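Let me begin by presenting the structure, written as structure tokens, before commenting on it.
The values are calculated or read from the model by the stated rules, or taken from the named source; none is laboratory data. This structure is a prediction, so every number in the text was calculated from the model and none was measured. All Cβ positions, even for glycine, are placed from backbone atoms using ideal geometry, and neighbour counts span all protein chains on display. Note: areas computed on protein heavy atoms with side chains; ligands, DNA, RNA excluded. Shrake-Rupley method; radii C 1.70, N 1.55, O 1.52, S 1.80 Å.
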Amino acid sequence: MCLTGFMGSGKSTVAKQLSSQLGWINIDLDRRITDAANQTIPEIFAKKGEAEFRRLEHEQLVRLIAEANEDQKPRIVSLGGGTAAQPQNLALLRESGAALIWLDCPIEELLIRCAQITDRPLFRDENSFRRLYQERLPFYEMADYRVDSNVPPARLAEQILALGIFGKVTV
Ligand code: S3P
């Protein structure tokens with residue numbers, strides 16, 4: 001199962017919670033990228049640019065889907081905020097049979113959450129953040145499931161569990 005949603009929507013936090021609750025493998029795509037590149041995300045953006053970041057992101061997504069197909073163990077994957085907004089990634093996710101869950105959170109709340117965190121190269125200023133959110137919405141809306149993520153983490157985990165898809169998908 002893959003979690004999608006804008007920066008600050010709570011993907012990594014709820015993934016940790018669900019994986020410890022259920023014993024599912026927890027995979028963070030951003031973490032895979034930074035481990036493979038041996039650089040932080042801001043470093044990759046600054047030194048190599050966004051296009052190279054997207055290439056690395058796609059490469060790691062291909063890998064993790066292959067791993068899931070091989071071992072068939074259930075896992076929860078936190079995608080980056082832009083992953084599913086790249087058409088080739090969305091196609092790959094569709095093909096793999098992954099269940100895509102959109103953590104939907106109002107832009108005003110995302111702004112509050114992200115203003116406190118400084119490691120997101122795509123959070124430059126409020127206007128560009130709002131613009132990017134609007135551009136991404138049509139992609140997020142293509143997810144298989146939507147949950148309201150403007151709630152405390154425990155409530156978010158409950159909503160995801162209530163979807164009843166655990167045990168039916170590996171990615
Ligand atoms: C990005 C979101 C980030 C990270 C990178 C690009 C985006 O992930 O992948 O900074 O394009 O929205 P989070 O959504 O986990 O912050």
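Could you please find all residues in region 6-31 being open to solvent by less than 50 Å² (accessible area, probe 1.4 Å), assigned to a helix (DSSP H, G or I) and over 20 Å from Phe129 (Cα atoms)?
Scanning region 6-31 gives Val14, Ala15, Leu18, Ser19, Leu29.
So is Gly97 at pLDDT 95 or above and small (Gly, Ala, Ser) or not? Show your work before the answer.
Values: at pLDDT 95 or above: no; small (Gly, Ala, Ser): yes.
So Gly97 does not fit the description; no.
Rundown of residues vs (1) under 25 Å from Glu141 (Cα atoms); (2) touching a Phe, Trp or Tyr at 6+ places or on another chain (Cβ under 9 Å), yes/no style:
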position: Gly5; (1), (2): yes, yes
position: Gln21; (1), (2): no, no
position: Leu29; (1), (2): yes, no
position: Thr40; (1), (2): no, no
position: Ile44; (1), (2): no, yes
position: Ala51; (1), (2): yes, no
position: His58; (1), (2): yes, no
position: Leu64; (1), (2): yes, no
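Results for (1) over 14 Å from the mean Cα position of the chain (by Cα); (2) without any contact (Cβ under 8 Å) to a residue 24 or more places away in the chain; (3) farther than 25 Å from Ile160 by Cα, shown as yes or no for each residue.
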| position | (1), (2), (3) |
| --- | --- |
| Thr4 | no, no, no |
| Gln17 | yes, no, no |
| Pro74 | yes, no, no |
| Gln88 | yes, no, yes |
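Taking the options Leu163, Leu61, Leu92, name whichever one is farther than 18 Å from Asp30 by Cβ and among the hydrophobic types (A, V, I, L, M, F, W, C). Let's see the steps before the verdict.
Values: Leu61 fails: farther than 18 Å from Asp30 by Cβ; Leu92 fails: farther than 18 Å from Asp30 by Cβ.
Only one candidate qualifies: Leu163.
Restricting to region 32-44, and then to whatever is assigned to a helix (DSSP H, G or I) and free of Cβ contacts under 8 Å to residues at least 24 places away in the same chain, can you tell me which residue is most open to solvent (accessible area, probe 1.4 Å)? Talk me through it step by step, then tell me what you get.
Initially, region 32-44 is screened for residues assigned to a helix (DSSP H, G or I), giving 32-37, 41-44.
Adding the requirement that they be free of Cβ contacts under 8 Å to residues at least 24 places away in the same chain leaves 34-35, 37, 43-44.
On the way: Thr34: 32, Asp35: 95, Ala37: 24, Glu43: 71, Ile44: 0 Å².
For region 32-44, the residue satisfying everything is Asp35.
If I ask for residues that are within 11 Å of the ligand (Cβ to nearest atom) and charged (D, E, K, R), which ones from region 4-42 would you list?
Looking only at region 4-42, we keep the residues that are within 11 Å of the ligand (Cβ to nearest atom), and these are 4-13, 15, 28-34, 40-42.
Selection gives Lys11, Asp28, Asp30, Arg31, Arg32.
Name the single residue, out of those in region 149-171 being open to solvent by 60 Å² or more (accessible area, probe 1.4 Å) and not in a loop (DSSP other than H, G, I, E, B), that is nearest to Leu22 (Cα to Cα). Steps first, please.
Let us first name the residues in region 149-171 that are open to solvent by 60 Å² or more (accessible area, probe 1.4 Å), namely 150, 152-153, 155, 158, 162, 167-168.
Imposing the further condition that a residue be not in a loop (DSSP other than H, G, I, E, B) reduces the set to 153, 155, 158.
Details: Pro153: 15, Arg155: 15, Glu158: 12 Å.
Only one residue fits best here, namely Glu158.
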